[in-house]
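Some notes on the structure that comes next.
Each reported figure results from applying straightforward, stated rules to the coordinates on display, with no laboratory input. Computed from a predicted structure; not experimentally measured. A quick note on method: Cβ atoms are made from the backbone with ideal geometry, for glycine too, and the neighbour counts reach across all protein chains shown.
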Amino acid sequence: MILLPLRSGDEQATAYPDGIALRATLRKVSKMKKRLPVRAARGLVTLSFLTAGLLPWQASVAEPLTEAPLRGSYFWAGKTLVDPPPEERRDSHLYLELTGGAARDLYARLKARPMADPCGEAGETLKAQGAIQCSRDARGRSYRCWLGIELAGQRVVNGRVC
């Protein structure tokens, strides 16, 4: 719902997500040479937002942005996870293991088909897309995802070794 000023001094526009821009637009319209009445200005602003598709009920039906606690673990290592050469830096990559809701959501969003997890227990499934791997236990109650981040190149790399 958009609340527009009913009188020229009224500043009530807080129900619209970008109330500041709405008030500024209303002021510009009301200061036009013809000195439109506020109700006419309100109608023009409403019409402009309708034609631009910016009204909340015309917005996309995408999920709202939500935050949730992140569970899992991380460690720093070099490029080689198993038996790295002695000269390799041990702090060039950040490796993450996500668990809980974040892992469940990531597993669901990966476009790969689930397959038997070669590193997991019987009945576990694995989805891998690029360097991101996620697994689900046989009962569908526990999820884990692995990935690494190469800091120098800012690339996602494999974060799991069987």
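Below are the figures for this structure:
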| item | result |
| --- | --- |
| Residue within segment 102-114 that is of a type outside the set (A, V, I, L, M, F, W, C) and more than 21 Å from the chain's Cα centre (by Cα) present | yes |
| Scan of segment 123-132 for residues that are surrounded by 16 or more Cβ atoms within 10 Å (Cβ to Cβ) and over 27 Å from GLY153 (Cβ atoms), ordered by number | GLU124, THR125 |
| Qualifying positions in segment 87-122 - more than 20 Å from GLN154 (Cα to Cα) and either part of a loop (DSSP other than H, G, I, E, B) or in contact with an Asp or Glu (Cβ under 7 Å, 6 or more places away or on another chain) (or both) | GLU87, LEU110, LYS111, ALA112, ARG113, PRO114, ASP117, PRO118, CYS119, GLY120, GLU121, ALA122 |
| Residue match in segment 107-126 (condition: among the β-branched types (Val, Ile, Thr), out of contact with any His (no Cβ under 6 Å at 6 or more places or on another chain) and touching a residue at least 40 places away in the same chain (Cβ under 8 Å)) | no |
| Count of segment 123-140 residues which are farther than 12 Å from TYR107 by Cβ and either within 24 Å of the chain's Cα centre (by Cα) or not in a loop (DSSP other than H, G, I, E, B) (or both) | 2 |
